[in-house]
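Since every read-out is calculated from the coordinates, none of them should be taken as a lab result. Everything numeric in this text was worked out from a predicted model, so none of it was measured. Every residue, glycine as well, gets a Cβ built from its backbone with ideal geometry; the counts of neighbours run over all protein chains shown.
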Amino acid sequence: MVKCDICGDKAENLFLGKIKGTYIKKDKKLKAVCSGCQRKLGNKLEENL
C-alpha cells in the first residue's frame with residue numbers, strides 16, 4: 001500500500017498494482033497523491049507537497 005503524501009491516507013490499488021491517483025516529481029523524488037487530493041486541490045498540488 002502507498003500512502004498519499006498530502007493527506008496521509010492509503011491510496012487505493014487498482015488492477016496490476018497501480019494506484020488510483022498519480023505520482024508527482026518534486027526535488028528529484030516521486031510523491032504519491034491520491035485521487036481525492038487531486039480532485040480537491042486541482043492545480044495547487046505542488047504548493048501542498
Under the Karplus curve 6.51 cos²θ - 1.76 cosθ + 1.60, θ = phi - 60°, whole-Hz ³J(HN,Hα) for segment 32-49, x wherever Gly or Pro sits: 8, 10, 6, 5, x, 5, 4, 5, 6, 9, x, 7, 9, 5, 5, 5, 8, 7
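Which longest run of the chain has no exposed loop site in it, a site being trypsin sites (Lys or Arg not before Pro) in a DSSP loop with at most 11 other beta carbons within 10 Å, and the site itself not part of the run? Before the final figure, lay out each step's value.
On the way: sites that count: K18, K28.
With trypsin sites (Lys or Arg not before Pro) excluded where exposed in loops, the chain gives 29-49 as its longest stretch.
Quick check: convex hull over the Cα atoms of segment 2-43, volume per residue in Å³, rounded to an integer?
On the way: hull volume 3.0 nm³, N = 42.
Hull volume over Cα atoms, normalised by residue count, gives 72 Å³.
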Computed over the chain: relative contact order in percent, which uses C-alpha pairs under 8 Å that are six or more apart: 33 percent
Close lysine pairs (the chain; alpha-carbon distance under 17 Å; 8 or more apart or on separate chains) counted at 18
